[in-house]
Amino acid sequence: QVQLVESGGGLVQAGDSLRLSCAVSGFTFSSYCMGWFRQAPGKEREFVAGIGWDGDLTDYADSMKGRFTISRDNAKNMVYLQIDSLKPADTAVYYCAATRNYAAVTLRQYTYWGQGTQVTVSS
């Protein structure tokens, strides 16, 4: 049974940092590229960051470069998203996802999805 379980979200203040985690099970984690997406209220889900199979290559949406850092630990089947200097505009549900496609940035390129974790940033 495939499972992706996000955690680490919550209510924070502008300027704070958060580290989101995603625990993966049910498939060979090291054979999949991983990504983080987010969906703000009333908006479409958007790509945040992606990481290659062994963590050697990362990719970020242009608007996410600088404050977001994706990483993974293949020994623990975990993927992380560090978000620094949080802004109210970062308020969204954050999802992790898995894909066999390298450098995937669109939703339909991803096969497996978690249920999301809410991040709310107050000003």
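Here are some notes:
- The chain: most fluctuating residue of F37, F68, F27 per GNM, C-alpha cutoff 10 Å: F27
- FRET efficiency estimate (nearest 0.05) - Cβ-Cβ, R108 to D62, R0 25 angstrom: 0.80
- Unpaired by the 4.7 Å Cβ criterion, cysteines found in the chain: C33
- Tail beyond 23 Å, pair distance distribution of region 32-123 (Cα, percent): 17 percent
- For the chain: accessible area per residue (Å², 1.4 Å): 51 Å²
- Here the Debye sum runs over all C-alpha atoms of region 1-78 as equal scatterers in vacuum, and log10 of I(q)/I(0) at q = 0.19 Å⁻¹ comes out as -0.93.
- Within the chain: Cβ-based charge dipole about Cα centre, in debye rounded to nearest 20 (Lys, Arg +1; Asp, Glu -1): 180 debye
- Share of carbon and sulfur in the accessible heavy-atom surface of the chain [1.4 Å probe, %]: 46 percent
- Highest mobility in the GNM of the chain, judged by mean-square fluctuation with C-alpha springs under 10 Å and restricted to V105, V48, V12, is found for V12.
- Each of Q1 and Q39 was given a label point 7 Å from its Cα along the Cα-to-Cβ line. The distance between the two points is 2.2 nm.
The values are calculated or read from the model by the stated rules, or taken from the named source; none is laboratory data. Note that this is a predicted model, so its numbers are computed, not measured. Methodologically, a virtual Cβ is constructed for each residue, glycine included, from the backbone with ideal geometry; neighbour enumeration extends over all protein chains shown. SASA here: full protein model, heavy atoms, side chains in, ligands and nucleic acids out. Shrake-Rupley method; radii C 1.70, N 1.55, O 1.52, S 1.80 Å.
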